[in-house]
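Trainee: Take a look at this one; I'll ask things after.
The values are calculated or read from the model by the stated rules, or taken from the named source; none is laboratory data. The model shown is predicted, which means the values in this text are computed figures rather than measured ones. Areas reflect the complete protein model, heavy atoms only, side chains present, ligands, DNA and RNA absent. Shrake-Rupley method; radii C 1.70, N 1.55, O 1.52, S 1.80 Å.
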Amino acid sequence: QVQLVESGGGLVQPGGSLRLSCAASKIIFSAATMGWYRQAPGSQRELIATITSGHSTNYADSVKGRFTISRDNAKNTVYLQMNSLKPEDTAVYYCNAKEHYGAFRTYWGQGTQVTVSS
């Protein structure tokens with residue numbers, strides 16, 4: 001079965017940086033659109049960034065200019081580089097994959113906590 005495993009979350013001071021990683025297995029990674037979502041307590045889950053199989057990217061207005069999504073197809077891994085972090089970035093961050101082949105299924109990782117606080 002497909003697995004998405006996030007890593008890299010933790011505690012960081014305002015203005016600091018973190019890089020999240022999502023390692024995928026049992027998926028044709030190069031043919032999948034990958035994305036990052038986040039959900040804060042009491043809030044809806046929101047889309048942060050996506051990257052297609054053609055390496056086209058899209059960002060939410062709240063993170064544009066601060067976050068960068070990228071992928072390494074040789075490692076079956078998608079990354080989220082987060083710079084200039086703010087307390088309002090505190091949330092659980094989830095990796096998402098959408099197949100563009102076969103049954104066109106969608107998969108989710110287990111989430112990783114990011115806390116921005118001094």
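Trainee: Taking every pair of Cα atoms in region 53-99, average 1/r, invert it to obtain the Kirkwood radius, and report Rg/Rh to two decimals.
Mentor: Details: Rg = 11.9 Å, Rh = 12.3 Å.
Using only Cα positions, Rg/Rh for region 53-99 is 0.97.
Trainee: P(r) for region 18-78: what percent of alpha-carbon pairs falls in each 10 Å bin, starting at zero?
Mentor: 21, 50, 25, 3
Trainee: At a 1.4 Å probe radius, carbon and sulfur cover how many percent of the accessible area of the chain? Before the final figure, lay out the partial values.
Mentor: On the way: 2870 of 6150 Å².
Here it works out to 47 percent.
Trainee: Using each residue's phi in region 48-54, evaluate 6.51 cos²θ - 1.76 cosθ + 1.60 at θ = phi - 60° and report the 3J(HN,Hα) Karplus result to the nearest Hz, with x for Gly and Pro.
Mentor: Using θ = phi - 60°, the values come out as 9, 7, 9, 9, 8, 5, x Hz.
Trainee: Further question on the same structure: Quick check: residue separation of Gln3 and Asn83 times 0.36 nm, minus the Cα distance between them. What number comes out in nm?
Mentor: On the way: separation 80, 0.36 × 80 = 28.80 nm, distance 2.70 nm.
Extra length available between Gln3 and Asn83 comes to 26.1 nm.
Trainee: Hull surface divided by four, with the convex hull built on the Cα atoms of the chain: how many nm²? All intermediate terms of the calculation are to be shown ahead of the outcome.
Mentor: On the way: hull surface 28.0 nm².
With the hull built on Cα positions only, its mean projection is 7.0 nm².
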